[in-house]
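Reviewing the structure listed below.
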Amino acid sequence: MQLKQVNTEFLVSEQITAQDMTTLAEQGIKTIICNRPDGEGADQPNIIEIQQAATQHGITVEYLPVTSGQVTDEQAQAFRMMYQNAEKPLLAFCRTGTRSITLWALSQGREQNLEQTLLTAKTLGYDLQGIVPRVLKQANPQSSTKYTVVIVGAGAAGISVAASLLSRQADLDIAIIDPADIHYYQPGWTMVGGGIFPPAKTARQMRDLIPQKVKWIQQAVAAFDPENKQVILEGCKPLSYEALVICPGLKLNWHGIEGLVETLGKNGVTSNYRYDLAPYTWQLVQNLKKGKAVFTQPPMPIKCAGAPQKAMYLSADHWKKQGLLKDIQIDFFNTGAVLFGVAAYVPALMEYVEQYGINLNFNHQLIKVDGQQKRAWFQVVVGESKSIIATDFDMLHVVPPQQAPDFIRASSLVDAAGWLDVNQHTLQHANPKYPNIFALGDVMNAPNAKTAAAARKQAPIVAVNVLQYLKGSEQFAHYDGYGSCPLTVERGKIVLAEFGYGGKLLPSFPKWFLDGEQPSRMAWLLKEQILPPIYWDGMLKGHEWLVKPKLTRK
């Protein structure tokens, strides 16, 4: 017997027996609902046996038999009444628990948070995607609004692909879904944390950036119904499409590190991965005169894998110029086993590691922070061995673990790790059942770096491929995995890492003009003065810098 906790008062399980009653009573179960009809299996105890054993332990048993695969609305309503009237905690069971959790989900009606319902079930091992059309019918029986192209997410990827689509077909019927009011130029937050950009330089109103011909739906997505070509908004409102582009970015899991949320923005704990915290990074850097500065990097994948180091190098450069390095110990704790994933750029980075006297700690993952005590704990993995170490700090720059948004992970469109599953070349969904679904940006599982530069390259390719799909063509443009990471190794110099799938170097400029494997002032000029206007006035407006999609057979 394996009990699975759905919420604080409700659990589901596979078949239970009379011998399980002692354990269930010890766990505080007050009511049991049996959803398995008697006689389904030769080894199955009947409901009378269950009731008799339960009575001896003061547990009430209700019987609501459901045929496998045939949960009706009437049964869901009956379950709702039992659930409401039952003494809690309550356990529902069937052969596997699937019918029980399905009844619970359908019984919630229009009050439920569909995204959370699907994610909770999936976390417990149950795929409830099939109930989405029924929940919609209960909550919103009217027909849905339809667009030719629906884009989920209005970040760098979403607005860019919308603009690229319109640049090719100006009359295209497009909707873009995003609840946010503000759009952020996130690559600029490293510069904010280094005292180079003011925070306001990295933020603009979303309404000023979304193309005027695009319908902006300022709501959140709750779920997908790909069989019926629908996106489900919060409140169970369906939106239909002919082609769907998914690019909501990723989720920063601040709660994935014990104690972190309680101390962020104070006690010397900061992160350049949040708009409101990047200025605090610069404040800490300026105020630190002696002590220990700790910089961390979580498990991959993360957005901009070089950003944890960028914060460290810019901070160290400031302390060096102030003559403070001799009094400040700098430690870099990286969950990974190498400094940077593309070996060609490591020698240049190691020169700065040595110059700044940085202590490198690989295979160290931050798991807990106590801001008041200025202490951090790391899990260390060496081969099969695992251990926990602790270190003190005066300044701690944290990068949180990262994952796909909840409504993505709850869907049937993801791989085993919870990332949107795509063909890494065409960026079309990997499941041939969904040829009208495409993705780009941080949310997908293509093995490229998750950077704005990657989205800049992907947007025109996805735009071309969406239009090719809509006209029934078998010719698609291919993405080579391009990503760029301008590694700010000191104020005024950058190592411009540009690479594609498999770590292949993909420089945008000839080596005589800009050698990306060496720190250069030209790369700094590109990052500081050229890339921001290219982002705001080029990429987000459909001007495709250094990208020329070429069609080829699928």
- Add -39500 (n - 2.57) for each DSSP H run of 4 or more in the chain, then divide by its residues: what number comes out at 222 nm, to the nearest 500 deg cm²/dmol? -7500 deg cm²/dmol
- Query: So what's the net charge close to residue 120: Lys and Arg +1, Asp and Glu -1, counting the other residues with Cβ under 14 Å from its Cβ?
  - Reply: -1
- Cα point-scatterer Debye curve for the range 1-107, base-10 log of I(q)/I(0) at q = 0.22 Å⁻¹: -1.23
- Item | Rough spin-label spacing in nm, given labels placed 7 Å along Cα→Cβ, for residue 57 and residue 433 | 3.8
- Query: Tilt of helix 452-470 relative to the longest C-alpha principal axis of the chain, in degrees (0 to 90, nearest 10)?
  - Reply: 50
- First compute the accessible area of the range 275-412 with a 1.4 Å probe, then give the percent of it belonging to carbon and sulfur atoms. 49
- Item | For peptides 145-154, 116-125, 376-385, sequence by mean Cβ density within 10 Å, most packed first | 145-154, 116-125, 376-385
- Residues of the range 1-107: accessible area per residue at 1.4 Å, in Å²? 47
- Query: In Å², what does the accessible area per residue of the range 304-343 work out to with a 1.4 Å probe?
  - Reply: 33
- Message: Bins of 5 Å, beginning at zero and ending with the bin holding the largest distance: percent of Cα pairs per bin for the range 173-309, please.
- Response: 2, 8, 14, 16, 16, 14, 11, 9, 6, 3, 1, 0, 0
- Message: Multiplying the sequence separation of residue 40 and residue 215 by 0.36 nm and subtracting their Cα-Cα distance, what value in nm do you get?
- Response: 57.8 nm
- Message: Just to confirm the filter: which GluC sites (Glu not before Pro) across the range 457-511 are DSSP coil and have at most 11 other Cβ within 10 angstrom of their Cβ?
- Response: 474
- Task: Leaving out ligands and nucleic acids, note down the accessible area per residue over the range 451-546 with a 1.4 angstrom probe, in whole Å².
- Result: 40
- Item | Over the range 252-398: Rg over Rh, Cα atoms, Kirkwood Rh | 0.94
- Within the range 270-290, the residues whose backbone N lies under 16 Å from a label point placed 7 Å from the Cα of residue 200 along the Cα-to-Cβ direction are 276, 279
- Can you send over the solvent-accessible area of residue 386, 1.4 Å probe, protein chains only, in Å² to the nearest 10? 140
- Efficiency of FRET between residue 47 and residue 123 - r from beta-carbon atoms, R0 25 angstrom, step 0.05: 0.25
- Task: For the range 469-545, give the percent of accessible area contributed by carbon and sulfur heavy atoms, probe 1.4 Å, rounded to a whole number.
- Result: 54
- Distance between modelled label sites at residue 208 and residue 550, nm, 7 Å Cα→Cβ extension: 3.9
- Message: Could you compute how fast the chain diffuses translationally, taking Rh as the Kirkwood radius over C-alpha pairs and applying Stokes-Einstein at 37 °C with viscosity 0.692 mPa s? Give it in µm² per second.
- Response: 126
- Note on the structure: Between the modelled labels at residue 167 and residue 227 (7 Å from Cα along Cα→Cβ) the distance in nm is 3.9
- Query: With every protein chain kept in the model, how would you rank 456, 491 by accessible area, 1.4 Å probe, largest at the top?
  - Reply: 491, 456
- Cα centroid distance between the range 509-553 and the range 233-297, in Å? 26
- Message: Highest mean first, how do 25-32, 320-327, 69-76 rank when packing is the count of other Cβ atoms within 10 Å averaged over residues?
- Response: 25-32, 69-76, 320-327
- Message: Could you tell me the center-to-center distance, by alpha carbons, between the range 347-376 and the range 62-99 in angstrom?
- Response: 52
- the range 1-109 - percent of accessible surface contributed by carbon and sulfur, probe 1.4 Å: 44
- Sort 43-56, 242-255 for me by packing, meaning the mean count of neighbouring Cβ atoms within 10 Å per residue, highest on top. 242-255, 43-56
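The values are calculated or read from the model by the stated rules, or taken from the named source; none is laboratory data. All of these numbers come straight from a predicted model, not from anything done at the bench. Cβ coordinates were reconstructed from backbone atoms using ideal geometry, including for glycine residues, and neighbour counts include every protein chain displayed. With ligands, DNA and RNA removed, areas are computed over all heavy atoms of the protein, side chains included. Shrake-Rupley method; radii C 1.70, N 1.55, O 1.52, S 1.80 Å.
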